[in-house]
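Enquirer: Handing you this structure, nothing more for now.
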Amino acid sequence: MWKLGKITAKTHIGDYGQIVDSFVLLLKDTCCEEVKMTNGTDFILEKNYNDLTGKVNAKGVTEISICETEEGTEVELILDPFVYRYDFKVTGTIAGTEVSFTRADVDKVWIKDMDQFVAYEENGVHYRMYEPECMGKRPLVLFLHGGGECGEDNELQLTGTLGALRLVERWSDMYIMAPQAPSGNLGMQEMFEVMKKRGNPFSADMGITPFSLKGERGWNRDYVAKVTDIIRKMISDGKVDENRVYLIGMSMGGGGVLQTISVAPDLFAAAVPICPSMNGESYANLLHLPKVPVWITSAYMDHQHSRHAFILNACNKLWQEGRTDVKFTLYTQEELAKYGIGTTEGLTSQELDAENHNSWILALHNENGILDWMISHQKNKEKC
């Protein structure tokens, strides 16, 4: 007879965020000869969704691997990968004994390539940094996450969505900095309730500045100033090329991009705000955008229906002022569908809006050459 020990989830960060590839179950007081399996038909998975909205189930366990370790027998359930954020359930039989576990029962989560980032805490800023193995000054890309990844665990900003880990795959010779915005002691749902009391949380009401107050959840001016101070120190230490500092962020982080440019306009060579939140603060920041090239992008429609009208209004003002360094692109329904966005059958209009909001997937895959455009810019290029 055996007893179940630790359960480990092996995951990676994919287009839809954190994806689980397998579960490793440690069985104590047994040996591999007692555990004989050839496939995963003895296991049933529930809520193992592989789409953005949580409607389509993955295939389940596709293979089983068994090995003996010093701690006991490890049974690895190899999966048709699915999105890890849902409250899934796994039920099955091992060596005649039933086993059942949920997301809450997982003891350890292993995340592929997380060890590439070093965790830091400096002057109240929690951040992770990828540091290239290169001599001399290197470019730096600052990545700002969205509203769901705020906190103080210094991890969620890498795992909540596709983001900084993807940038390392593309630019292994650059610094990739991923700070975590403060939570303001509020969870995402709690903050959402605060925003609802102020009005429609998805509106772009110009009198509302939901993330601007010092200490409140998100990319407030005080916090992003501390983030830029860290970069300035890296420049003064000879680590970072002062002419090649870039900025990219999505959703709340897209608004954070505009906020950060406003706070430190001299620091950045170019920036990409993806589906940036539009409110009284971010709209004003865009209307009065400093001389930093930006390429704004979003889906043709998402859950903040007035987002594009305010972006276009601000861009029109900038274009009339001769700002040829400002670009604005809306991804079409067909372009989004290439990445599985909006293709699940039976989506309500609200669910479709929520899926479309994931337009950062396209930007981080360099659709229309947007990432190439960003890093093609250098400050003071004539002096380089």
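All of the numbers you see were taken from the coordinates with simple rules; none came from a lab. Worth saying up front: this structure is predicted, and the values here are computed from it rather than measured. Reconstructed Cβ throughout: ideal geometry from the backbone, glycine too, with neighbour counts over all protein chains shown.
Enquirer: Starting from a Cα-only point model with no solvent, please compute log10 I(q)/I(0) by Debye for the stretch 68-137 at q = 0.17, 0.26 1/Å.
Expert: -0.92, -1.34
Enquirer: Return the equivalent ellipsoid semi-axes of the stretch 216-319 as a descending list in whole Å, where each equals the square root of 5 times an eigenvalue of the C-alpha gyration tensor.
Expert: After scaling each eigenvalue by five and taking roots: 25, 14, 12 Å.
Enquirer: Looking only at the stretch 115-383, where both bridge partners belong to it, what percent of the DSSP beta bridges are antiparallel (to the nearest 5)?
Expert: 35 percent
Enquirer: With the dipole of the chain worked out from charges on the C-beta (+1 for Lys and Arg, -1 for Asp and Glu) around the Cα centre, which of TRP2, ALA225, PRO179 lies farthest toward the positive end?
Expert: Selected residue: ALA225.
Enquirer: Going toward the positive end of the dipole of the chain, with +1 on Lys and Arg Cβ and -1 on Asp and Glu Cβ, which of THR97, ILE64, HIS357 do you reach last?
Expert: HIS357
Enquirer: If each DSSP helix of 4+ residues adds -39,500 (n - 2.57) and the sum is divided by the residues in the chain, what number results at 222 nm, nearest 500 deg cm²/dmol?
Expert: Only helices count here, giving -7000 deg cm²/dmol.
Enquirer: Beyond 24 Å between alpha-carbons counts as too far, so tell me which of LYS137/LYS226; LYS112/LYS379; LYS108/LYS239; LYS55/LYS338; LYS3/LYS89 fall in that bin.
Expert: The answer is LYS112/LYS379; LYS108/LYS239.
Enquirer: Moving on. Sticking with the crude label model, points 7 Å out along Cα→Cβ, report the distance from HIS288 to GLU70 in nm, one decimal please.
Expert: 6.3 nm
Enquirer: What distance in nm separates the simple spin-label points at ILE78 and THR329, each placed 7 Å from Cα in the Cβ direction?
Expert: Calculated label separation equals 3.7 nm.
Enquirer: Kindly express, to the nearest 10 degrees and within the range 0 to 90, the angle between helix 221-236's C-alpha long axis and the longest C-alpha principal axis of the chain.
Expert: With both axes taken from Cα atoms, the answer is about 90 degrees.
Enquirer: What distance in nm lies between label points placed 7 Å from Cα along the C-beta direction at GLU122 and HIS365?
Expert: 3.5 nm
Enquirer: Still on this model: Kirkwood Rh, the stretch 218-274, all Cα pairs: how many Å?
Expert: Computed over the stretch 218-274, the radius equals 11.4 Å.
Enquirer: Moving on. Note the full-extension length gain between GLN320 and LYS226 as 0.36 nm times their separation in residues minus their Cα-Cα distance, in nm to one decimal.
Expert: Going from the current span to full extension adds 30.5 nm.
Enquirer: If you don't mind, another one. Taking the 0 to 90 degree range and rounding to the nearest ten, how far is the long axis of helix 307-320 tilted relative to the main principal axis of the chain, both from C-alpha atoms?
Expert: Between helix and principal axis, roughly 30 degrees.
Enquirer: Hey, what did the stretch 115-383 get for relative contact order, percent, Cα under 8 Å, at least 6 apart?
Expert: 17 percent
Enquirer: Sort the stretch 3-111 into rounded, prolate or oblate with this rule: let a ≥ b ≥ c be the square roots of the eigenvalues of the Cα gyration tensor; rounded if a/c is under 1.5, and if a/c is not under 1.5, prolate when a/b is larger than b/c, oblate otherwise.
Expert: Prolate, because a/c is 1.5 or more and a/b exceeds b/c.
Enquirer: Determine the shape class of the stretch 61-195: with a ≥ b ≥ c the square roots of the Cα gyration tensor eigenvalues, call it rounded for a/c under 1.5, and otherwise prolate if a/b is greater than b/c, oblate otherwise.
Expert: oblate
Enquirer: What's the Kirkwood radius of the stretch 310-384 in Å, using all Cα pairs?
Expert: 14.9 Å
Enquirer: GNM on the chain, C-alpha springs below 10 Å: top fluctuator among GLY342, GLY151, GLY136?
Expert: Result for the chain, Cα springs under 10 Å: GLY136 fluctuates most.
Enquirer: For the chain, what is one quarter of the convex hull surface built on the Cα atoms, given in nm²?
Expert: 21.1 nm²
Enquirer: Mind checking the angle between helix 252-263 and the chain's longest principal axis? C-alpha axes, 0 to 90 degrees, to the nearest 10.
Expert: With rounding to tens, the tilt is 40 degrees.
Enquirer: Along the charge dipole of the chain, which of TYR127, GLY340, ILE248 sits closest to the positive end, that is, farthest toward it, with unit charges on the beta carbon of Lys, Arg, Asp and Glu (+1, +1, -1, -1)?
Expert: ILE248
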